[in-house]
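A.B. asks: Dropping the structure in here first, questions after.
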Amino acid sequence: MLMRKVPGFVPASPWGLRLPQKFLFLLFLSGLVTLCFGALFLLPHSSRLKRLFLAPRTQQPGLEVVAEIAGHAPAREQEPPPNPAPAAPAPGEDDPSSRASPRRRKGGLRRTRPTGPREEATAARGNSILASRPGDEGVPFRFDFNAFRSRLRHPVLGTRADESQEPQSRVRAQREKIKEMMQFAWQSYKRYAMGKNELRPLTKDGYEGNMFGGLSGATVIDSLDTLYLMDLKEEFQKAKAWVEESFHLNVSGEASLFEVNIRYIGGLLSAFYLTGEEVFRIKAIRLGEKLLPAFNTPTGIPKGVVSFKSGSWGWATAGSSSILAEFGSLHLEFLHLTELSGNQVFAEKVRNIRKVLRKIEKPFGLYPNFLSPVSGNWVQHHVSVGGLGDSFYEYLIKSWLMSGKTDMEAKNMYYEALEAIETYLLNVSPGGLTYIAEWRGGILDHKMGHLACFSGGMIALGAEDAKEEKRAHYRELAAQITKTCHESYARSDTKLGPEAFWFNSGREAVATQLSESYYILRPEVVESYMYLWRQTHNPIYREWGWEVVLALEKYCRTEAGFSGIQDVYSSTPNHDNKQQSFFLAETLKYLYLLFSEDDLLSLEDWVFNTEAHPLPVNHSDSSGRSWGRH
């Protein structure tokens with residue numbers, strides 16, 4: 001007590017510090033401890049230190065674990081492709097392990113605007129492809145090509161007749177003429193436009209267009225199976241070599257999902273199934289993966305355009321519509337992508353499209369042409385079996401057939417739709433011509449597009465599996481529609497059909513304006529001739545087909561390839577300077593099949609996609625295994 005009263009005297013602490021100094025030291029020490037622990041728990045990238053001090057706890061879902069929500073591990077930066085092929089990449093192709101996979105660039109993950117629960121679910125659904133792999137039990141995926149071929153009921157190229165017995169037969173000569181046309185079209189393309197998407201025969205150069213996102217060689221891919229079935233071996237090998245060495249997938253443009261699927265994916269798939277060459281399977285799968293971001297929408301209905309650069313379909317165009325014929329014409333190819341890769345994501349995407357279409361209300365049982373991929377609602381009530389709607393109906397009946405007649409959903413959807421079409425769109429003109437009009441909210445446009453002329457063949461193809469009391473009716477309906485489409489050809493000066501023809505004001509099966517009078521080497525009419533020939537063997541279909549051959553030779557053949565014409569009603573037409581790739585894939589193929597035996601690409605074994613690329617029917621063996629799956 002005495003010492004405390006003495007001025008200036010402060011007792012020393014046990015460490016030799018006076019009390020004010022001790023207080024300051026403790027204050028500094030407590031601040032330092034607080035700072036260290038705050039850094040430990042609050043600063044980024046501290047998860048490893050946290051695990052030293054904290055017991056494991058359940059991780060809350062975030063963007064980095066979206067794939068885990070879907071039941072898959074999150075993608076890693078250097079993760080290999082989800083469908084590793086058993087063979088090395090083809091020469092000239094970039095190794096996918098050396099670049100970021102486009103599937104990681106999901107529109108759903110890159111959006112900066114707020115997302116709702118529906119969109120988050122979409123992101124999770126879209127990212128299920130990140131770790132989806134064949135062989136869930138660790139068994140390497142394998143497609144047994146020999147097993148697949150053994151299940152076919154006919155030789156792929158048919159049991160070719162001994163041509164020495166009838167060396168001068170008319171049908172053989174007609175078939176050889178069509179083969180010569182294919183050779184000429186291919187050689188012209190190879191000489192002036194090899195590697196470009198299409199040939200411009202008048203200017204003798206190539207054309208790229210903007211539908212394919214930077215992909216090249218559309219004519220090569222579209223021609224592969226036609227060259228093969230015509231036994232043009234040297235030309236096929238040249239096309240195959242181009243695919244191996246020059247068909248690159250590292251492109252960055254915006255592409256039509258529909259066109260890339262039916263031409264490139266379809267062409268590569270059919271080339272693989274016909275030959276067993278691994279390069280076609282590998283390229284098809286890798287290209288298919290680049291299309292998957294188009295499905296990353298709130299409904300799973302894909303957008304019509306996919307960006308190969310950003311890997312998304314673009315929220316800037318969220319108000320636009322998807323087209324029935326486009327998102328409805330993916331089923332055949334995507335099921336085969338799953339078959340050849342073991343990756344279920346392809347099949348899941350197209351099955352979801354079916355699910356959406358089954359649930360949505362359809363006006364009078366009809367399917368309008370435009371659907372919002374955001375809301376899942378029809379955008380307008382325009383119905384057409386021609387452009388915008390056509391191949392959706394075609395893929396329903398072909399899905400039924402391709403499944404080995406097990407896809408009951410496709411069968412039921414097809415016959416329900418066909419019944420609605422008959423009820424509300426089918427008409428007979430005063431002159432007795434049967435046609436399928438277009439429907440706009442209950443008002444009919446009495447016209448039929450060239451694209452709708454495939455429907456005769458489609459209805460003939462599906463007649464066998466209709467209700468027994470409807471089969472003869474559908475066969476007759478198919479014949480009548482095909483006759484009407486033939487009339488659109490017969491009533492022109494060139495004997496080639498216009499893009500669209502009308503039934504009004506006393507005029508029937510003719511175009512009424514120049515903007516609908518062009519012909520761009522389209523195949524739909526000869527497609528129906530081929531199907532009707534195979535069903536009936538009525539010689540009229542070969543006669544009509546030969547008329548088309550003669551007209552193509554006279555009005556569309558140029559010095560350097562075949563070209564469309566601008567007016568079928570002019571006997572001296574102007575050419576449009578474009579040899580469409582589908583001319584080699586479809587028009588010439590269907591004509592060749594029309595003049596061949598029925599077991600050449602037998603309809604018991606094959607269905608044709610909407611670009612005429614043959615895909616095999618699923619002939620399961622006794623164990624239930626399909627195609628060549630093990």
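The values are calculated or read from the model by the stated rules, or taken from the named source; none is laboratory data. Please read all numbers here as calculations on a predicted model, not as lab measurements. FYI the Cβ positions are ideal-geometry reconstructions off the backbone, even for glycines, and counts take in every protein chain you see. Heavy atoms of the whole protein, side chains included, go into the accessibility calculation; ligands, DNA and RNA do not. Shrake-Rupley method; radii C 1.70, N 1.55, O 1.52, S 1.80 Å.
A.B. asks: Working carefully through the options Glu547, Glu559, find the one that is under 18 Å from Ala173 (Cα atoms), charged (D, E, K, R) and in contact (Cβ under 8 Å) with a residue 12 or more places away in the chain. Walk me through how you get there before you give the answer.
C.D. replies: Details: Glu559 fails: under 18 Å from Ala173 (Cα atoms).
Only one candidate qualifies: Glu547.
A.B. asks: Right, next: Residue check: is Leu291 in contact (Cβ under 8 Å) with a residue 40 or more places away in the chain and within 30 Å of His619 (Cα to Cα)? So that I can check it myself, show each step before the final result.
C.D. replies: Numbers: in contact (Cβ under 8 Å) with a residue 40 or more places away in the chain: no; within 30 Å of His619 (Cα to Cα): yes.
Taking the combined requirement at face value, the residue does not satisfy it.
A.B. asks: Next question, about the same structure. Which one of Ser384, Ser320 is open to solvent by less than 20 Å² (accessible area, probe 1.4 Å) and closer than 28 Å to Ile421 by Cβ? Before you say what the answer is, go through the steps one by one.
C.D. replies: On the way: Ser320 fails: open to solvent by less than 20 Å² (accessible area, probe 1.4 Å).
Exactly one residue qualifies, and that residue is Ser384.
A.B. asks: Taking only the range 561-577 into account, find how many residues are touching a strand residue (DSSP E or B) at 6+ places or on another chain (Cβ under 9 Å), open to solvent by less than 60 Å² (accessible area, probe 1.4 Å) and more than 23 Å from Ile178 (Cα to Cα).
C.D. replies: So the answer is 2.
A.B. asks: Scan the range 323-354 residue by residue and report those that are open to solvent by 30 Å² or more (accessible area, probe 1.4 Å) and touching a residue at least 24 places away in the same chain (Cβ under 8 Å). Please lay out each step first, then the result.
C.D. replies: Step one: filter the range 323-354 for residues open to solvent by 30 Å² or more (accessible area, probe 1.4 Å), giving 323, 326, 335, 344, 348, 351-352.
Of everything in the range 323-354, those that are open to solvent by 30 Å² or more (accessible area, probe 1.4 Å) and touching a residue at least 24 places away in the same chain (Cβ under 8 Å) turn out to be Ile323, Glu326, Leu335, Gln344, Glu348, Asn352.
A.B. asks: Among the helices (runs of 4 or more DSSP H) contained in the range 388-506, which hold 3 or more residues that are under 30 Å from Asp567 (Cα atoms)?
C.D. replies: Working: elements: 390-402, 408-424, 455-463, 468-490.
It comes to 390-402, 455-463, 468-490.
A.B. asks: Could you pull out the residue among Ser216, Ser223, Ser252, Ser246 that is under 19 Å from Ser310 (Cβ atoms) and among the hydroxyl-bearing types (Ser, Thr, Tyr)?
C.D. replies: Working: Ser216 fails: under 19 Å from Ser310 (Cβ atoms); Ser223 fails: under 19 Å from Ser310 (Cβ atoms); Ser246 fails: under 19 Å from Ser310 (Cβ atoms).
Selected residue: Ser252, the only one of Ser216, Ser223, Ser252, Ser246 that is under 19 Å from Ser310 (Cβ atoms) and among the hydroxyl-bearing types (Ser, Thr, Tyr).
A.B. asks: Moving on to the next point. Looking at the structure I just gave you, is Ala509 farther than 27 Å from Lys177 by Cα, touching a Ser or Thr at 6+ places or on another chain (Cβ under 7 Å) and crowded, with 20+ Cβ neighbours inside 10 Å? Steps first, please.
C.D. replies: Working: farther than 27 Å from Lys177 by Cα: yes; touching a Ser or Thr at 6+ places or on another chain (Cβ under 7 Å): yes; crowded, with 20+ Cβ neighbours inside 10 Å: yes.
Judged against the criteria, Ala509 is a match.
A.B. asks: Still on this structure: Could you give me the residue pairs with C-beta distances under 6 Å whose first residue belongs to the range 463-479 and is without any contact (Cβ under 8 Å) to a residue 60 or more places away in the chain, whose second residue is of a type outside the set (S, T, N, Q) and surrounded by fewer than 18 Cβ atoms within 10 Å (Cβ to Cβ) wherever it lies, and which are 6+ apart or on separate chains?
C.D. replies: Correct list of pairs: empty, since none qualify.
A.B. asks: So which residues in the range 233-253 are in a loop (DSSP other than H, G, I, E, B) and open to solvent by 10 Å² or more (accessible area, probe 1.4 Å)? Don't jump to the end; show me each part of the working.
C.D. replies: In the first step, residues of the range 233-253 are kept if they are in a loop (DSSP other than H, G, I, E, B); the result is 247-253.
His248, Asn250, Val251, Ser252, Gly253 - these are the residues of the range 233-253 that are in a loop (DSSP other than H, G, I, E, B) and open to solvent by 10 Å² or more (accessible area, probe 1.4 Å).
A.B. asks: How many residues are open to solvent by less than 20 Å² (accessible area, probe 1.4 Å) and in a loop (DSSP other than H, G, I, E, B) when one looks only at the range 254-298?
C.D. replies: Final tally of qualifying residues: 3.
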